[in-house]
Each structure stands twice: as structure tokens, then as C-alpha cells.
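Input: a single structure, listed below in C-alpha cells.
We did not get these values from a lab; they are worked out from the coordinates using the rules stated. These numbers come from a predicted model, not from an experiment. Reconstructed Cβ throughout: ideal geometry from the backbone, glycine too, with neighbour counts over all protein chains shown.
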Amino acid sequence: MQVQEIYIVVKGHSIKKSLADTVQARILARVKVLSDYPAYKLEKLCGYDFWESLPKEEHTHAGIFVSHQVEMGDLPLRHVLRKHEYPKYYRIDLNLFKH
């Protein structure tokens with residue numbers, strides 16, 4: 001029996017729902033223990049072991065998903081403006097924490 005993967009569309013990209021759910025859960029768990037001062041790249045927010053286990057394409061999809069979630073206010077993070085747009089950095093904002 002073949003398992004059907006469910007996808008969500010974010011910013012015109014089809015992203016595995018299982019990836020999106022896992023990334024969001026990992027970030028929500030980690031923001032409680034990380035400092036709210038430094039700016040973090042996505043791999044730090046997700047955890048390096050998990051991040052390294054993902055294929056390169058899923059790095060891109062995770063980044064698109066998190067960026068969208070931050071813009072929608074669904075993650076307690078803020079984009080950090082930097083000289084270059086990529087890689088994106090985020091700062092934890094516990095005032096936005098809903099979960």
C-alpha cells in the first residue's frame with residue numbers, strides 16, 4: 001500500500017505537511033529554552049541534527065514555511081533585517097508566544 005503525502009501550498013510552493021508540522025513543533029519547543037537576544041538562523045531554531053538530516057530541497061521548503069509563519073504571526077519570531085536577505089535570521093519574541 002502506497003502512502004499518500006499531504007502537501008500545503010505556501011507562497012506558490014508545495015510543501016509536505018509533515019515537514020511543516022515537524023519544523024513548527026521543533027521551533028515552538030526550542031524557543032522556550034533559547035535566549036530572546038541573539039538572532040538565529042533556521043537550522044539553530046530547528047536543531048542542527050534535525051536540519052542536517054533534511055535533503056537540501058527541504059531546507060528551502062522549511063525556510064519558505066517559517067518565513068510565511070512569521071509573517072502571519074503564527075510563530076513567536078521576528079525577522080532580523082540584515083545587509084543580505086539570505087540566509088534569514090530570526091529573533092525570538094516571547095510576547096508573540098501563543099502556544
In the chain, how many lysine pairs have Cα atoms under 15 Å apart, counting only pairs 8 or more places apart or on different chains?
6
Output needed for region 50-99: three equivalent-ellipsoid semi-axes, defined as square roots of 5 times the C-alpha gyration tensor eigenvalues, in descending order, whole Å.
20, 15, 9
Could you tell me how far the Cα centroid of region 58-75 sits from the Cα centroid of region 11-35, in Å?
8
Å³ per residue enclosed by the Cα convex hull of region 7-96
95
Per DSSP H run of at least 4 residues, take -39500 (n - 2.57); add these up for the chain, divide by its residues and hand me the 222 nm value, nearest 500 deg cm²/dmol.
-12500 deg cm²/dmol
Using the alpha-carbon atoms, what tilt in degrees (0 to 90, nearest 10) does helix 17-30 show relative to the longest principal axis of the chain?
30
Given charges at beta-carbon only (K, R positive; D, E negative), |dipole| of the chain in Debye
300
